[in-house]
1. If we count every other residue with Cβ under 9 angstrom of V48's Cβ, Lys/Arg +1 and Asp/Glu -1, where does the sum land?
2. Which angle from 0 to 90°, rounded to the nearest 10, does the C-alpha axis of helix 85-103 make with the longest principal axis of the chain?
3. Using Cα pairs under 8 angstrom and six or more residues apart, how large is the relative contact order of segment 112-156, in percent?
4. Could you tell me which label, among (1) 22.7, 79; (2) 18.0, 53; (3) 33.6, 128, carries the value of Rg and Dmax of the Cα atoms in Å calculated for this structure?
5. Run the numbers on segment 118-251 and let me know its relative contact order in percent, using alpha-carbon pairs under 8 Å that are six or more apart.
6. Can you pull out the GluC sites (Glu not before Pro) in segment 162-251 whose DSSP state is coil and whose Cβ has at most 10 other Cβ atoms within 10 Å?
7. Rg/Rh for segment 77-178 to two decimals, with Rh computed the Kirkwood way over all alpha-carbon pairs.
8. Which of the trypsin sites (Lys or Arg not before Pro) across segment 153-251 are loop residues per DSSP, with 11 or fewer other Cβ within 10 Å?
Amino acid sequence: MADESYPVILGVYSLQRETDIGMGGTASRQNQTTYWYVRKMAADRYEVQPLNVHHVPSGLRREIEELEFLKQYVPEPAYYRTNTVPALKTLARKIAEGESFFADGRLDDAEKQFLKALMIDELNVQANFGLGEVYSEKKDFIKLKKVIDTLLGLDEAFKEEQRGRFNQFGICLRKNGHYDESLRFYSRSLEFNDRDEHVYFNIARVHFDKGDKDSCVEHLRKALQINPGFKEAMKFLRFCGVGSAPQGAPA
């Protein structure tokens, strides 16, 4: 039989813990139940993420080993089916509608849908990316800065599975003249993966648009150190009048 593909969504599980209530003579212990969205990441590793008040996974993810998971977490299939699945579908629909409106240039309608999505999950990465692009296009710097600050605090926004999305967002910032914000965003992504040649290439584009040719060339060379066959970076270097890097080394 073929190996199981990971991650696997297991659904919602509950966790019960005893907590102390009150002080002194009024102190007592009570059972507290919390609900968690669970994915199986490997044969012996699980990822748990708390549900928010709207029954969707939101907040910090944590990986635990199989023994801890099996001892402490209890499956809640009815809760998952009744509460979380409908909420996730609603969230996904609002994000999809927002992205469709944005693609059509209907910025006000896109903004409304992304805001509705964030009412369900204020930390949702896709909705924050979408809202940030709307504010970037609208040149609404005050609201854009709030969204960027939110995204910079979300580790999930910079994980490998989001690579295409955060590169797209950084490009949107650059094209709308938000150069410093774009550089902040790309610099944050390098904290998670400093071997992504596309990030260095995009940083080079920002510096070029800012008129800083030296920094542009520096980051193009970094991109070529990682991937000497990066044709776009070679062409960009030639455009800058420097020439392409030889195989395996910067020019």
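1. Computed value for this residue: +1.
2. 20 degrees
3. Values: 29 pairs, mean separation 16.1, N = 45.
This gives 36 percent for segment 112-156.
4. (1)
5. Values: 149 pairs, mean separation 20.3, N = 134.
Across segment 118-251, relative contact order equals 15 percent.
6. Details: sites: E181, E191, E197, E218, E232; in loops: E191.
The qualifying sites are E191.
7. 1.00
8. Details: sites: K159, R163, R165, R174, K175, R184, R188, R195, R205, K210, K213, R221, K222, K231, K235, R238; in loops: K159, R195.
Here the trypsin sites (Lys or Arg not before Pro) that fit, given the DSSP loop and packing criteria, are R195.
Just so you know, all these numbers are worked out from the coordinates, no wet-lab data involved. Just so it is clear, the model here is predicted, and its values are computed rather than measured. Glycine gets a Cβ as well: all are built from the backbone with ideal geometry, and neighbour counts include every protein chain shown.
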